[in-house]
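The values are calculated or read from the model by the stated rules, or taken from the named source; none is laboratory data. Treat the numbers as computed from the prediction; the structure is a model and nothing was measured. Positions of Cβ are generated from backbone atoms using ideal geometry, with glycine treated the same way; all protein chains shown enter the neighbour counts. The area values use the complete protein model at the heavy-atom level, side chains included, leaving out ligands, DNA and RNA. Shrake-Rupley method; radii C 1.70, N 1.55, O 1.52, S 1.80 Å.
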Amino acid sequence: MKLARRFLMFASIILTACALSSTAFAQSYPTRPVKIIVPVGPAGSYDIVGRLLADQLTRRLGQTVLVENRPGAGAIIGTQAVATSPPDGYTLLIGGLANMVFNAGLYKNLPYDPLADFVPVALVFNISYTLVAPNTLSYGSVQQIIAAAQKNPGSLSVANVGNGSGQHIFGAVFQKLTGTKLVEVSYRGSAAAFPDVIAGRVDLFFDSTPAALPYVKSGQVKGLAVLAASRHPQMPDVPTMTEAGVKGLEIDSWIGLFAPAKTPPEVIARLQQEIAQASGDLKPRFEGQGGELMTIPPERLKGFVAAEHARWLKLIQETGIRLD
């Protein structure tokens, strides 16, 4: 009995010491610069969100927060680098649908597990996608396009910006949900695709709303549907895809901050606190990029990411798109 009591007392002391050490670490964090890895090249939404977060966290944490672009292999290289980093809060990741969800369905042997290897710190930025078409296209609604494509498979074309891109996946899911077959035309980016959409050389294009918005507002193309739960305030006459008669294609193209799994909860909480307090400053900056501030309570983050993972893994598998 005495031995057992001594063992329990010793174990209690060890656990208390560990808890105090963890709390002390979190209270002093950070004591040196923090690095945010953006797994794609400069410019673009991931990079913009990473730099805006780094700027706000630098001001609030009292330490420099650096951004390092580490692109390659469909965002795998940078994402894997964070997955294998020490879980101490000093190496963080910008993650979104592409690297935290889509890649799991696109690659058979993904070298990281989006759910097991990371913990979501905060999802902060969200954009929708819009289906656009040339003004010269004789069909003026999604239902007319579906009817024409079903009647004559392969008679209409759809642009994408590369195999496995969001534009490619959303177009493929649209075809799956509507029972249509469109001819895929690949471009090196939206900037290369839009001249052909405007000229009528390609019939349809699913692109991010921030990219599509100037062309719709200027009348160079027509907006057919927004892939979101509600209409876009700057395109009030463009229906949602659900209103247009296609259910299951509501998209939150979110971006946020992730940390390696087993990062101390106190460190995660500190980051979440600072990001929440920065929301007032981030909101107009995100809106200036054509998106919106996204706020999900910390206790719901893991469940949200897991649900997105399950949903898109199923849809991507159904389309048959693979990158390996």
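Of the whole protein surface, HIS232 contributes about 30 Å² of accessible area at a 1.4 Å probe radius. Computed about the Cα centre, the dipole magnitude for the chain is approximately 700 debye when only Lys and Arg (+1) and Asp and Glu (-1) carry charge, each at its Cβ. Over the chain, DSSP H runs of length four or greater, each weighted -39,500 (n - 2.57), average out per residue to a 222 nm ellipticity of -13500 deg cm²/dmol. Label separation (GLU318 vs GLN27): 5.2 nm, computed from points 7 Å beyond Cα along the C-beta direction. Full extension of the chain segment joining THR295 with GLU184 gains 36.4 nm, where the gain is 0.36 nm per residue of separation less the Cα-Cα distance.
The residues of the chain expose, per residue, 46 Å² of accessible area to a 1.4 Å probe.
What the pair-distance distribution of the range 229-324 shows, using all Cα-Cα distances binned every 10 Å from zero, is 11, 32, 34, 20, 3 percent.
So what does the Cα-only Debye profile of the range 134-217 read at q = 0.11 Å⁻¹, as log10 I(q)/I(0), no solvent term? For the requested q values the scattering log ratios are -0.26. Axis angle, to the nearest 10 degrees, between helix 265-277 and the longest C-alpha principal axis of the chain: 50 degrees. If I take R0 = 22 Å and measure r between the Cβ atoms of GLU287 and LEU66 in this structure, what FRET efficiency does the formula 1/(1 + (r/R0)^6) give, to the nearest 0.05? Efficiency, rounded to the nearest 0.05: 0.30. Fully extending the segment from ASP88 to THR58, taken as 0.36 nm per residue of separation minus the present Cα-Cα distance, adds 9.1 nm.
By the scheme Lys and Arg +1, Asp and Glu -1, what is the net charge of all other residues having a beta-carbon under 15 Å from that of ALA133? Provide the component values of the computation, followed by the final result.
Values: positive: ARG201, LYS222; negative: ASP196, ASP203, ASP207, ASP237.
Residues near ALA133 contribute -2 overall.
Summing +1 for each Lys or Arg and -1 for each Asp or Glu among the other residues whose beta-carbon sits under 13 angstrom from that of GLN277 gives +2.
Net charge near ALA192, counting Lys/Arg +1 and Asp/Glu -1 over other residues with Cβ under 12 Å of its Cβ? Mind showing how you got there, number by number?
Numbers: positive: ARG188, ARG201; negative: ASP196, ASP207.
Local charge sum for ALA192: 0.
Counting only protein chains, not ligands or nucleic acids, how are SER253, SER155 ordered by accessible area (probe 1.4 Å), most first? Don't jump to the answer; show the numbers that get you there.
Values: SER253 20, SER155 65 Å².
So the residues, ranked largest to smallest area, are SER155, SER253.
Counting other C-beta atoms within 10 Å, and keeping those with at most 14, which DSSP coil trypsin sites (Lys or Arg not before Pro) do you find in the range 196-230?
Working: sites: ARG201, LYS217, LYS222; in loops: ARG201.
Qualifying residues, ordered by number: ARG201.
Measuring with a 1.4 angstrom probe and ignoring ligands and nucleic acids, SER218 comes out at about 70 Å² accessible. Can you give me the angle between helix 301-319 and the longest principal axis of the chain, using Cα atoms only, in degrees from 0 to 90, rounded to the nearest 10? Once rounded, one gets 40 degrees. Taking label points 7 Å from Cα along the Cα-to-Cβ direction, GLU243 and ALA116 give a separation of 4.4 nm. The protection proxy used here, the mean number of other Cβ atoms lying within 10 Å of each residue, ranks peptides 205-216, 275-286 as follows, highest first: 205-216, 275-286. Projected label points at ARG311 and GLN273, each 7 Å from Cα along the beta carbon direction, are separated by 3.2 nanometres. The C-alpha atoms of the chain define a longest principal axis, and helix 166-178 lies at about 60 degrees to it.
Against the globular-protein guess of 2.2 N^0.38 Å, express the Cα radius of gyration of the chain as a ratio, rounded to two decimals.
That works out to 1.15 for the chain.
A probe of 1.4 angstrom, applied to the heavy atoms of all protein chains, finds ARG32 with accessible area near 110 square angstrom. The alpha carbons of the range 187-283 stretch over 54, 31, 27 Å along the principal axes, in descending order.
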